[in-house]
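Chemist: What follows is a single structure, and I will ask about it in a moment.
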Amino acid sequence: MPVFRVEPAADRVVHLIMDHPSRKVNVLDVEALADLERALDEVERLERPAGLVLTSGKPGSFIAGADVAAIGAISDRDEVLGLVRRAHASFQRLATLPYPTVAAIDGVCLGGGVELTLACDSRIASEEPRTQIGLPEVLLGIYPGFGGTQRLPRLIGLPAALDLILTGRALDAKRAERIGLIARAVPAAWLMERAHERLELLTTRPEQRRRDRYRPPGMAAWFMDGTPFGRSLVFARARAATRARTGGHYPAPLAALEVIERTRGLPIEAGLEIEAAWVSDLAIGPVCKNLVRLFEQTERAKKEPVATDSSVQALPVRTMLLAGAGTMGGGIAEAASRAGIRVRLRDLNPEALTRALRTARELIEERGRRRRLPSRERDAQLARILPTVELSGVARADLALEAVVEDLNVKRRVFAEIEVRIGPDAVLATNTSSLSVDALAQGLARPERLCGLHFFNPVHRMPLVEVVKGSRTSERTLLTAVALVRRLGKTPVVVGDAPGFVVNRILMPYLREAMHLLDDGFSVGAIDRAMRGFGMPMGPFEVLDEVGLDVAQKVAGVLGRAFPERVAPAVLLDKVVAAGRLGKKNGVGFYRHRGRERQPDPALRALLRLRRPRKSPNLDALAERMVLVMINEAARCLEEGVVADAGWLDLAMILGSGFPPFRGGPLRHADSLGLSRVESRLIALQAEKGDRFRPAPLLARLAAQGGTFTTVPRAEAAPAAATA
Amino acid sequence: MSSRSWILSGVRTPFAKAGGPFRATPAYELGRVALAELLSRSDVDPARLDEVILGNCAQPAEAANVSRVTALRAGVPEPVPAVTVHRNCASGMEAVAAASHRISAGRARLVLAGGAESMSQIPLQYPLEYGTWLESLMRAKGALARLTVFSRFRPALLKPRIALAEGLTDLVCGLNMGETAEVLAREFRITRERQDEFALASHQRALAGRARLREEIVPMFPAPGHEMVQDDVGPREGQTLEALARLKPYFDRKNGSVTVGNSCQVTDGAVALLVGDDETAARWPTPPLGRIVSFAFAGLAPARMGLGPVLAAAKALAPARLELSQCELFEINEAFAAQVLACLEAARSEAFGRAELGRTAALGEFPLERLNVNGGAIALGHPVGASGARLLLTLLMEMRRRGLKRGLAALCVGGGQGAAFVLERD
């Protein structure tokens, strides 16, 4: 079955239609690239057509990009290079057809899909929200390698092209039109008619064909793009911004910059050759492999069916009861109301409701300003939240989520009150971070409809929700919870009902280790710097201050009771909390906070009777100790079955704790370090520092067998260019 | 046999003085809270509704059919139709009457009726001439033509028209509502002192009834501060006769007696009631608040609009073969103390009964101790489109508390009308 169809249309126009026979959305895989060559042969044989329209045979979806799975699997540089060159050749053939060509885009048009349309003379796209045009390659550790680095700057100018290529963000049709990426945004209903009109225009006025090429719209733009000095300024600024954003850990954006700068002014064939060489280096590098795996895992989390029994259906949530308007209440209410869910927000304390409504409103306003949403939409969203001090309006809720204080008895009482009022089909969920779902299910008439929905703070920024499956949680309950999380735009990871679930379970020994290091005479600043250097967005003490030391103390207590041999009581934390230091929320914790700024606190040392900090500590050694603790705990989680597999665990840690994505998560990171090396370092630390470093049994077993936690693609040494 | 109409349950927002805590809350947002809260508390599937009917007078420009906007924002599904009704101050009662008509005609089984009004947000308007001038400016082609139009500009074009004041003035008789109260004060010789005493009692009763009124009020958390408002804002603690006496007459500065102190307050608020037929009422999970025995709207001279309640009460009682004395509890909307007191005088006057009600005797007595027992609009406020429904709700709630069987709620209507409902509980 062909991927591309060549169909004659009215007025001697020919349609080149991509409709991948073995996929739901169009993907430029090896099969598609091969068939494109065949289709172009067919097109070139045609008797002088008036024009060509490139479009998709999939309704409401154009081309989703290259074959991500194949990028993840490929490890031979020459194979990549061959494939890229083949694509280049085909795209060049399309670009040099002697008559006008127009791409008619409706639906997602990403990566290679965009690059294919760039080989057309002109592009139009439907203005429906489903149309998203972007080059997300850098998010996968590569850059647009099918001509994107060459054709995009020629079309929309250097600054706009760098913005799209370096950030990977997607545009809707209106915005794409504004920057000249497409010629017109049109209603989907008239897409083909407009495409034909466009062809006619290009035919009758050939200068229009060139007008789809970039022309600086003013002096400033001409300076930035047309002069060597302006260009070097643009590159320098982009390079600095990229360095700051990636911490130098991600080679792809810098490589893209390098390629664009070097190929500037070269003929397109020469530019394409350089583009191909560099992208081949990136594609076989470890960062690309880790990011591709993360992408695929995220797709699994967003799409993969959860139930083993396909007859079980999720309950669609139209109305939800949110009991408890505390810290999380406002954020959860905002997320749910954004998804069109009516939220009955109940708290006994009116002031808590006031705070939650203000939080929700601020979030709605902020997002509204960013996206330029009309006030009508913002008001309508806020109007979906109905606050109350009474326990009424429960019966019609499809799901009840409690977010009241972390106290087993209080939570049980709340569920008891809810259960007698709510409908028989409704699902119950708890936002607990430290209590057991099974313990909360005790006393419920129907314990199978309770699960955990562990949101992270702040809700609007944290993409992860741990969906906790208690021992009696039914498939339907789990399915409903997972579907809800997806609808809220969050990523669900199903975890078992074990203390701390996954993220806190692994994070707490790590934070505890940071405190051990403090005891050992390292400074708060050095410890945090060590982990930021490793790639964490915040160091351990910054994290502690952020979540609140009282909250951390509570979680530490739970995990300390569950795993006393690894999480010793944190005397240090108790002392800090006893001194009234709660972290960022009251302005002082391990740091002093003023607004967004934090400064080291000289008073801390006296308070904790710490030793004078050591001079010039070896940051890598500090980071290693803390990372090893995480790896070790992650191995135990996996062994105990708290998560289904290493992929889920790594995803949860990356999204929930900020574990650096380029390292692929704690288990993937362990694999790339080599498990026998990890084990021997742990044994050495065990001898020096105590039993908390005793290697997890699974780790020891795998190390002995020469196995790995994750399926590691055959990694090859990253070439110098890609790590620049 | 056609079905009777039942008021199954109801709630209202707190009433707040215009410019107060609901300053930033449009009518459809006030209404949204009342509707959503009523649906939520009643645990009723909004898809069961046959219609949403809301009273509203000011008709915000951005929500021409306020009722539809309110219903959709409150989560009423799209297939349920919605209509806004306007009978000035009786719009809230008109909504319930319309619901009852549909039910007795067998065209509806469950209707959400009520009213919503934001008097804070009644806009200032430009004069029509300004619009004409702008139009000619748009049409002017060329610099010279435009200059000519500019030369015709006069500052007076920008003189604002205060829609609130215009709305409270009757176009037919030319009198402001307060001036119609002065007409009645003179006709029935209601002294300033009696008016002030009546106003004081309204405040005292509203304050004493605060806990009872909370039973019908849903707390609001209005933007932008989202702080809870759970009581009516109008009733004044420590209101004294002396303080009321010090106020200058507002409508007739020289010879008048009607002051802002003995008139109703300009107010924001919303009311929502569920109105159902016999079968719906029989299956309702909680005992219905009451049923509608009879209602009537009556017309009279716009300058004497304040007597509307007496005419409407007589008209509502007659077909039910009831006398005023058979009603145990009363609500008459307190547009003005003078106007309510005039109604009381008219009702007990045999001459008025003969001349204007076509009766052989007086209509009867509205006993003060059973009238507006939890205060009235002088203290609570009068959000014009919503008050009518508020009277029904407040009356039924008090009848339930007192275990009474029959009550009457009536309202005077700007433009020369009256409205009255006779309600019963089992």
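Chemist: Taking residue B:104 as the residue in question, decide whether it is farther than 19 Å from residue B:47 by Cα, modelled with pLDDT of 95 or more, in contact with a helix residue (DSSP H, G or I) (Cβ under 6 Å, 6 or more places away or on another chain) and among the polar types (S, T, N, Q). Give the derivation first.
Modeler: Numbers: farther than 19 Å from residue B:47 by Cα: yes; modelled with pLDDT of 95 or more: yes; in contact with a helix residue (DSSP H, G or I) (Cβ under 6 Å, 6 or more places away or on another chain): no; among the polar types (S, T, N, Q): yes.
So residue B:104 fails the test.
Chemist: Would region A:50-59 turn up any residue that is surrounded by fewer than 16 Cβ atoms within 10 Å (Cβ to Cβ), farther than 22 Å from residue A:24 by Cβ and in the same structural domain as residue A:22 (by TED's automatic domain parsing)?
Modeler: So the first thing to find is which residues in region A:50-59 are surrounded by fewer than 16 Cβ atoms within 10 Å (Cβ to Cβ), and the list is A:59.
Now drop any that are not farther than 22 Å from residue A:24 by Cβ, which leaves none.
For region A:50-59, residues surrounded by fewer than 16 Cβ atoms within 10 Å (Cβ to Cβ), farther than 22 Å from residue A:24 by Cβ and in the same structural domain as residue A:22 (by TED's automatic domain parsing): absent.
Per-residue answers, yes or no, for (1) among the charged types (D, E, K, R); (2) within 14 Å of chain B (Cβ to nearest Cβ); (3) assigned to a helix (DSSP H, G or I); (4) under 23 Å from residue A:316 (Cα atoms):
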residue	(1), (2), (3), (4)
A:396	yes, yes, no, yes
A:400	no, yes, no, yes
A:409	no, no, yes, no
A:424	no, yes, no, yes
A:428	no, no, no, yes
A:438	yes, no, yes, no
A:444	no, no, no, yes
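Chemist: Residue A:420: among the hydrophobic types (A, V, I, L, M, F, W, C), within 14 Å of chain B (Cβ to nearest Cβ), surrounded by fewer than 18 Cβ atoms within 10 Å (Cβ to Cβ) and not in a loop (DSSP other than H, G, I, E, B), yes or no?
Modeler: Details: among the hydrophobic types (A, V, I, L, M, F, W, C): yes; within 14 Å of chain B (Cβ to nearest Cβ): yes; surrounded by fewer than 18 Cβ atoms within 10 Å (Cβ to Cβ): yes; not in a loop (DSSP other than H, G, I, E, B): yes.
So residue A:420 passes the test.
Chemist: Name every residue in region A:230-274 that is basic (Lys, Arg) and either modelled with pLDDT of 95 or more or within 26 Å of residue A:216 (Cβ to Cβ) (or both), in order of residue number. Write out each step before concluding.
Modeler: Here is the first cut: in region A:230-274, the ones basic (Lys, Arg) are A:231, A:237, A:239, A:243, A:245, A:262, A:264.
Once the filter is applied, which keeps residues that are basic (Lys, Arg) and either modelled with pLDDT of 95 or more or within 26 Å of residue A:216 (Cβ to Cβ) (or both), region A:230-274 yields A:231, A:237, A:239, A:262, A:264.
Chemist: Something else: Taking the residues in region A:320-356 that are within 14 Å of chain B (Cβ to nearest Cβ) and surrounded by fewer than 22 Cβ atoms within 10 Å (Cβ to Cβ) as candidates, determine which candidate is nearest to residue B:45 (Cα to Cα).
Modeler: A:340
Chemist: Sticking with this structure for a sec: Mind listing whichever residues of region A:20-76 are over 30 Å from residue A:204 (Cα atoms), assigned to a helix (DSSP H, G or I) and not charged (D, E, K, R)?
Modeler: A:30, A:32, A:33, A:34, A:68, A:69, A:70, A:71, A:72, A:73
Chemist: How do the pairs read when you match residues in region B:43-58 that are at negative phi with residues anywhere that are of a type in the set (Asp, Glu) and assigned to a helix (DSSP H, G or I), using Cβ under 9 Å and keeping only pairs 6 or more apart or on different chains?
Modeler: Correct list of pairs: B:53/B:94; B:55/B:94.
Chemist: Condition first: within 26 Å of residue A:389 (Cα to Cα), over 24 Å from the mean Cα position of the chain (by Cα) and more than 10 Å from chain A (Cβ to nearest Cβ). Now tell me which residues in region B:35-58 satisfy that.
Modeler: Correct list: B:47 only.
A quick yes/no check of all residues on (1) surrounded by fewer than 24 Cβ atoms within 10 Å (Cβ to Cβ); (2) modelled with pLDDT of 95 or more; (3) within 14 Å of chain A (Cβ to nearest Cβ); (4) at positive phi:
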| site | (1), (2), (3), (4) |
| --- | --- |
| B:22 | no, yes, no, no |
| B:28 | no, yes, yes, no |
| B:78 | yes, yes, yes, no |
| B:81 | yes, yes, no, no |
| B:91 | no, yes, no, no |
| B:95 | no, yes, no, no |
| B:99 | no, yes, no, no |
| B:122 | yes, no, no, no |
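Chemist: I'd like to check something: does region B:209-227 contain any residue that is closer than 30 Å to residue B:24 by Cα, outside any loop (DSSP other than H, G, I, E, B), without any contact (Cβ under 8 Å) to a residue 40 or more places away in the chain and within 14 Å of chain A (Cβ to nearest Cβ)? If you could, list the steps in order and put the result at the bottom.
Modeler: First, the residues of region B:209-227 that are closer than 30 Å to residue B:24 by Cα: B:209-227.
With the extra rule that they be outside any loop (DSSP other than H, G, I, E, B), the set shrinks to B:210-214, B:217, B:220.
Still in the list and also without any contact (Cβ under 8 Å) to a residue 40 or more places away in the chain: B:210-211, B:214.
If we keep only those that are within 14 Å of chain A (Cβ to nearest Cβ) as well, we get B:214.
Within region B:209-227, one or more residues are closer than 30 Å to residue B:24 by Cα, outside any loop (DSSP other than H, G, I, E, B), without any contact (Cβ under 8 Å) to a residue 40 or more places away in the chain and within 14 Å of chain A (Cβ to nearest Cβ).
Chemist: A further question follows. Please list, ordered by first then second residue, the pairs with beta carbon atoms under 6 Å, 6 or more apart or interchain, first in region A:16-35 and β-branched (Val, Ile, Thr), second part of a strand (DSSP E or B).
Modeler: These pairs meet every condition: A:17/A:5; A:17/A:55; A:25/A:64; A:27/A:64.
Residue-by-condition table, conditions (1) under 34 Å from the mean Cα position of the chain (by Cα); (2) touching a residue at least 40 places away in the same chain (Cβ under 8 Å):
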residue	(1), (2)
A:581	yes, no
A:615	no, no
A:620	yes, yes
A:623	yes, yes
A:626	yes, yes
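Chemist: Can you tell me which of B:269, B:256, B:234, B:238 is in a strand (DSSP E or B) and either out of contact with any Pro (no Cβ under 7 Å at 6 or more places or on another chain) or among the small types (Gly, Ala, Ser) (or both)? Walk me through how you get there before you give the answer.
Modeler: Values: B:256 fails: in a strand (DSSP E or B); B:234 fails: in a strand (DSSP E or B); B:238 fails: in a strand (DSSP E or B).
Being in a strand (DSSP E or B) and either out of contact with any Pro (no Cβ under 7 Å at 6 or more places or on another chain) or among the small types (Gly, Ala, Ser) (or both) holds for just one of B:269, B:256, B:234, B:238, which is B:269.
The values are calculated or read from the model by the stated rules, or taken from the named source; none is laboratory data. Predicted model only: the values in this text are computed from it and were never measured. A quick note on method: Cβ atoms are made from the backbone with ideal geometry, for glycine too, and the neighbour counts reach across all protein chains shown.
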